[in-house]
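For reference, the structure I am asking about is given below.
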Amino acid sequence: MVKVAVFGYGTVGSGVVEVIEKNKEQVSKKAGEEIEVAYILDLREFPGDPYEAKVVHDVNVILEDPEVKIVCETMGGTTFAYNYTKAALEKGKSVCTSNKEMVAKFGPEMLKLAREHGCNYLFEASVGGGIPIIRPLNDCLTAEKVEAITGILNGTTNYILTKMEREGADFDKVLARAQEKGYAERNPEADVEGYDACRKIAILSSLMMGKNVDFEKIPTEGITKIVPEDFDYAKAAGRTIKLLARAKVIDDNTLEAMVSPVMLDKENPLAMVSMVFNAILVKGNMLGEAMFYGKGAGKLATASAVVGDVIDCVRHLGKEIPCFWDAEEATILDAGKHSYAYYIRAKKSAKEVLGAVLPGGEIMELPGRDEDLAYFTQPMKQDAFEKVLEGLGDLVLGTIRLG
Ligand code: HSE
């Protein structure tokens, strides 16, 4: 019997308990030992909850119980989560987490602590919810030199963009409706500004590089400036708009990474990923491309990934599960040096000047629209593009990178 504690009895934490209880036989069989949730740590009381008796408020009860070998950290945030994760690892208890803030910010530190104390720090649920992606990168694709990872890593923004495309609706209206239905957070900033996707691509890039990728250095743009008109032009051009998190290895030390909306060719496999679904396209030097697709969020999907990690920890009690992510920092290429082709939405009066300052591009005009047009540029360096934009001033109504 292996005893497990759950830190944080919120959506994912209660899902972890549910998965372990509902799939008890399966989980224990796969782990090779019976797994029991011994404690649930939370500040709150849960009167009437079937696991009420397991709730404790003092972390030390768990830390001091030598029978607890594994902790599921599903608290979120980094204040308490940092202290409690550290304390658990120092006691030799493995930690399985869904907390992407913790992993993105303290991944190498926690992995080192785990190694030093003969336990493991696993984080399958921190990226892509229930989609297996961390273990494939660490295990299945170890023969590969992974060269690039591109993902739709945020369900909220993918839902909003899908609805904008299908209904021709404004960002604000779709967001408000998504909030009413509980699909978007009350404070949606982390999702709509791309910060959530940024942390997730930083985690994946760190595993790709084997070095630490500082999420704060990844250029990040959200979806708040996308308007329904952009979808009209995208549709006419055989494209759609997605918030992509992209990372490409330049050399052993250098990474090109960015989170931004991309006007994507409909032929791209990521173009068909809609609503709250996530997908991650991994490019290996031998494999070519492989895509991982599924539910990137949600109570049971995310909890299932946490419990998968718990099973792995039980199978490897006292043994290290390799994870190649050193504390050494990878260099992130300056955004100005990235090269992209761009879509520009501009006032009609910009028609002549666009061709003159950005030669080789293509104009698109839609029937019945007098107020704007679109221009699709040739690939160019971002800093050169920004200089041209400055010169165009308020003739430009919006821009999106092409992909
Ligand atoms: N807010 C996240 C999303 C939840 O919308 O994808 C999963 O990390």
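The values are calculated or read from the model by the stated rules, or taken from the named source; none is laboratory data. Everything numeric in this text was worked out from a predicted model, so none of it was measured. Virtual Cβ from ideal backbone geometry, glycine too; neighbours counted across all protein chains shown. Quick note on the areas: whole protein, heavy atoms, side chains included, nothing else; ligands and nucleic acids left out. Shrake-Rupley method; radii C 1.70, N 1.55, O 1.52, S 1.80 Å.
Starting from one equal scatterer on each C-alpha and no solvent at all, send me the Debye-based log10 I(q)/I(0) for the stretch 102-163 at q = 0.27, 0.29 Å⁻¹, two decimals.
-1.20, -1.22
Continuing with the same structure: Students sometimes get this wrong: rank Met75, Met272 by accessible area, probe 1.4 Å, all chains present, largest first. Write down the numbers at each step before the final one.
Values: Met75 65, Met272 135 Å².
The ranking, largest first, comes out as Met272, Met75.
Moving on to the next point. Nearest 20 debye, what's the magnitude of the dipole of the stretch 1-54 about its Cα centre given +1 on Lys and Arg Cβ and -1 on Asp and Glu Cβ?
Details: 7 positive and 10 negative charges, 38 e Å.
In total the dipole reaches around 180 debye.
Any number yet on Rg/Rh for the stretch 235-325, C-alpha, Kirkwood? Walk me through the numbers on the way to the answer.
Details: Rg = 17.2 Å, Rh = 16.3 Å.
Across the stretch 235-325, the Cα-based Rg/Rh ratio is 1.05.
Right, something else. Quick one: P(r) of the chain from all Cα-Cα pairs, 10 Å bins, percents rounded to integers, in order of increasing distance.
5, 22, 29, 23, 13, 6, 3, 0
If you don't mind, another one. For a quick protection proxy, order the peptides 135-142, 37-44, 367-374 by their average other-Cβ count within 10 Å, most packed first. Please list the in-between numbers first.
Details: 135-142: 16.2, 37-44: 18.2, 367-374: 13.1.
For the peptides 135-142, 37-44, 367-374, the packing ranking is 37-44, 135-142, 367-374.
Tell me what the chain gives for mean residue ellipticity at 222 nm when only DSSP H runs of n ≥ 4 count, each as -39,500 (n - 2.57), the sum divided by the residue total, rounded to 500 deg cm²/dmol. Mind showing how you got there, number by number?
Numbers: 13 runs with 140 residues, N = 403.
Rounded to the nearest 500, it is -10500 deg cm²/dmol.
Show me, for the stretch 206-222, the HN-Hα J-couplings you get by feeding each phi into the Karplus relation (A = 6.51, B = -1.76, C = 1.60, θ = phi - 60°), rounded to Hz, glycine and proline as x.
Listing the rounded values in order: 4, 5, 5, 7, x, 10, 7, 9, 6, 4, 5, 9, 7, x, 9, 10, x Hz.
Simple spin-label model, 7 Å along Cα-to-Cβ: Asp65 to Arg44 in nm?
Inter-label distance under the simple model: 2.1 nm.
Which listed residue (Tyr183, Asn138, Thr254) has the Cα farthest towards the positive end of the charge dipole for the stretch 137-292, taking +1 on Lys and Arg C-beta and -1 on Asp and Glu C-beta about the Cα centre?
Result: Tyr183.
Moving on to the next point. In whole Å, largest first, what are the principal axis extents of the Cα atoms in the stretch 137-292?
Principal extents (largest minus smallest coordinate, Cα): 45, 33, 24 Å.
Let me ask something else. Name all residues of the stretch 121-153 having a backbone nitrogen under 14 Å from the label point set 7 Å from the Cα of Leu287 along its Cα→Cβ direction, giving them as ranges.
Correct set: 132-151.
Label-point separation (nm) for Glu365 and His117, each offset 7 Å from Cα along Cα-to-Cβ?
Those two pseudo-labels are separated by 6.8 nm.
Kindly report, to the nearest 10 Å², the accessible surface of Phe80 as traced by a 1.4 Å probe over protein heavy atoms only.
Its heavy atoms expose roughly 120 Å² to the probe.
Ranked highest first by the average count of other Cβ atoms within 10 Å around their residues, in what order do 6-16, 112-122, 161-171 fall?
Ranked from most to least packed, the peptides come out as 6-16, 112-122, 161-171.
Which whole number in µm²/s is D for the stretch 270-316 by Stokes-Einstein, with the Kirkwood Rh taken over Cα pairs at 37 °C and 0.692 mPa s? Don't skip to the answer; put the middle values down first.
Values: Rh = 12.7 Å.
Estimated diffusion coefficient is 258 µm²/s.
Divide, for the stretch 15-169, the radius of gyration over alpha carbons by 2.2 N^0.38 Å, where N is the residue count. Write out the running numbers ahead of the final one.
Working: Rg = 18.1 Å, N = 155, 2.2 N^0.38 = 15.0 Å.
That works out to 1.21 for the stretch 15-169.
Could you pull out which residues in the stretch 271-302 have an amide N less than 19 Å from a spot 7 Å beyond the Cα of Arg177, following the Cα-Cβ vector?
Of the residues in the stretch 271-302, 274-277 have backbone N under 19 Å from the label point off Arg177.
If you don't mind, there's one more thing I want to ask. Starting from 0.36 nm per residue, how many nanometres of slack lie between Ile250 and Thr79 once their C-alpha separation is accounted for?
Numbers: separation 171, 0.36 × 171 = 61.56 nm, distance 3.43 nm.
My answer for the length gained is 58.1 nm.
Percent relative contact order of the stretch 338-402, based on C-alpha pairs within less than 8 angstrom and at least six residues apart? Display every interim value, and only then the final one.
Numbers: 106 pairs, mean separation 33.6, N = 65.
For the stretch 338-402, the relative contact order is 52 percent.
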